[in-house]
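Below is one structure, written out as structure tokens; the observations come after it.
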Amino acid sequence: MADPQNKKMIRNPILPGFNPDPSIVRVGEDFYIATSTFEWYPGVQIHHSRDLRHWRLISRPLNRAALLDMRGNPDSCGVWAPCLSWHDGLFYLVYADVKRLDGNFKDAHNYLTTCSTVDGHWNDPVYLNSSGFDASLFHDDDGRKWLVNMVWDHRPLRNRFGGIYLQEYSVEQGRLTGPVKNIFLGSDLGFTEAPHLYKRDGWYYLLTAEGGTGYQHAMTMARSRSIEGPYELDPQGYLLTAKDNRNLPLQRAGHGDLFDTPDGQTYLVHLCSRPLKGLQRSPMGRESGLQKFDWSEDGWPRIAGASGDGLPELNVPAPGLVPHPWPEVPVRRGFDSPELPAEFQWLRSPEPERFMSLAERPGFLRLTGKEALGSWFEQALVARRQEAFCFTAETCLEFQPTNFQQMAGLVSYYNKHKYHYLYVSVDEQGRRVIDIMSCEADSTNVSSFPLAEGCARQFKLDNRFRLPDEGPVWLRAEVDHQALQFSWSTDGENWSNTPGVLNQSLISDEAGEGEGASFTGAFIGMACQDISGQNAPADFAYFEYREQQ
């Protein structure tokens, strides 16, 4: 295995943690990757790099109601597969807001927004269509612009993934114009989605993802002399896939975007996952990786250094760009700034002022208790991505609940079906207690202490623990692969472990509903609920996230 510090190699994933469906654009010597955020707000993450090795989060453009309102969107809906491009001094961002996941329908609405700077105030969106998702905008060299998206076929006994639609986009009219044409039905692998168009040496290249987002995921390349087709498939087969080799460290490789460096080298960004060893469970969700490509004599892209076999490489040849590291994200984040630290997000709502404040108590993040953990409408949960298999997270809160329906604490969260929650509340006598609430991936019912495999139950059924009536409480989560140990303290120095070790592998894509049913990743963060409707506040003094070797 190559040395990850080797300046000649880049180690995957380049964007660790939940960062799927990467779309990349180069503007001069700057590279920008846009990734899906699904139900997490603000929508779309854009990372910036100058050397393809070091990346920083620079923007989340969908940050107001005019651009995105996901209240009521089910888990794993919301923002799917953004496409970021740049033309004539303007950034273009195409995105979908998907309103339904289960059943015959998706209700995927596609929009376009623009901005002169990638981290500026993006314009109110232009509605495009609702025929499918994974829409992508292509700027042809004759000045015309074209939208491609997969078409969703809701009809019984039909292929849901009905091909790739093509339609022209008029900048002057601010809408799609002209006929809609299905230009590609996909290969036999099926589930054809994630189209991107390119033009090279007189050929139009159509890149798609296929096989679903699970362990059969793959990328397919086709080309045509005409943008409307017909498109011929690459005779070698899949451009990139790990579907036939379950021993590779990078699995579920697919859905990505080709680009060139300033000196003409070709690379691909793509989603991938790192399952826990021995388990098909990926707590970090689908991450973003990088592969180096060469072009064959007959004009097809092939992975460099791997005999063109299409297998995702863990270590990739670097392009030789000047190293450009960014400042490290601090391990401990205080709340002295008027803005939330960049790595944190919340769920669905364009009105965070309804449930959080950095001003009401200076130096603290105040969360106002709202709906139950897992609500699709309004809940007070602020969290950051899990980015490594092993880490420690810690916070300190001040919280004075008055009834058992008021809770606040530290949560390892995936969605309403999958979480472990260490929280402060009160018992029937109004005494403060510490407790754990978990949802075990295959049910909406909560239970106490689902354990890591092999851990015996050695505690009483009542798992609540008394706290002092007043004062701060420190909470900690230590994650070691599939094991999660919660602990708490009343002075920040002397810690008590909760009994038992929780099963962190449940907080993953594949747990419960299956490998292709959940699309985000594990978050760790702070939460507050008040289902009595009294809006009890909890004040958090800091949040610490420290990765372990």
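Each reported figure results from applying straightforward, stated rules to the coordinates on display, with no laboratory input. This structure is a prediction, so every number in the text was calculated from the model and none was measured. All Cβ positions, even for glycine, are placed from backbone atoms using ideal geometry, and neighbour counts span all protein chains on display.
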**Message:** Restricting everything to alpha-carbon atoms, can you work out Rg to Rh for the stretch 202-277 with a Kirkwood hydrodynamic radius?
**Reply:** 1.03
**Message:** With 10 angstrom as the radius, rank K243, K145 by how many other C-beta atoms surround their C-beta, starting from the fewest.
**Reply:** K145, K243
**Dipole magnitude of the stretch 36-181 about its Cα centre (Cβ charges: Lys, Arg +1; Asp, Glu -1), debye to nearest 20** = 340 debye
**Item:** Point-charge dipole on Cβ atoms (K/R +1, D/E -1) for the chain, about Cα centre, debye to 20
**Value:** 400 debye
**Prompt:** Under a Cβ-Cβ cut-off of 12 Å, what is the net charge of the residues other than E387 that fall near it, where Lys and Arg count +1 and Asp and Glu count -1?
**Reply:** +1
**Prompt:** Can you give the relative contact order of the chain as a percent, counting alpha carbon pairs under 8 Å and 6+ residues apart?
**Reply:** 14 percent
**Prompt:** Under a point spin-label approximation (7 Å from Cα along Cα-to-Cβ), what is the T402-E328 distance to one decimal in nm?
**Reply:** 4.5 nm
**Request:** Could you tell me the distance between the Cα centroids of the stretch 321-350 and the stretch 128-156, to the nearest Å?
**Result:** 33 Å
**Message:** Taking loop as defined by DSSP and a crowding limit of 15 other beta carbons within 10 Å, which GluC sites (Glu not before Pro) in the stretch 115-221 fit?
**Reply:** E172
**Request:** Set the Förster radius R0 to 30 Å, insert the Cβ-Cβ distance between A359 and E168 as r into 1/(1 + (r/R0)^6), and round the FRET efficiency to 0.05.
**Result:** 0.05
**Request:** Only Cα pairs under 8 Å and at least 6 apart count here; give the relative contact order of the stretch 290-395 as a rounded whole percent.
**Result:** 18 percent
**Request:** Over the residues of the chain, compute the C-alpha Rg and express it relative to 2.2 N^0.38 Å.
**Result:** 0.98
**Request:** Could you line up I33, I46 from fewest to most neighbouring Cβ atoms inside 10 Å?
**Result:** I46, I33
**Request:** Quick one: net charge around V171, please, counting Lys, Arg +1 and Asp, Glu -1 for every other residue with C-beta under 15 Å from its C-beta.
**Result:** -2
**Message:** Rounded to whole Å, give me the distance from the Cα center of the stretch 354-403 to that of the stretch 81-95.
**Reply:** 33 Å
**Message:** How much of the pair distance distribution for the stretch 15-244 lies past 25 Å, counting alpha-carbon pairs only, in percent?
**Reply:** 39 percent
**Contour minus Cα-Cα distance for D260 and W86 (0.36 nm per residue)** = 61.3 nm
**Item:** Total charge dipole magnitude, the stretch 332-547, about the Cα centre, Cβ charges on Lys, Arg, Asp, Glu only, Debye to nearest 20
**Value:** 240 debye
**Item:** Separation in nanometres of the label points that stand 7 Å from Cα toward Cβ, at W295 and R71
**Value:** 5.1 nm
**Request:** Pop a pseudo-label 7 angstrom from the Cα along the beta-carbon direction at both R144 and A372 and give the gap in nm to one decimal.
**Result:** 5.4 nm
**Message:** Which trypsin sites (Lys or Arg not before Pro) in the stretch 163-227 sit in a loop by DSSP (not H, G, I, E or B) and have at most 15 other Cβ atoms within 10 Å of their own Cβ?
**Reply:** R225
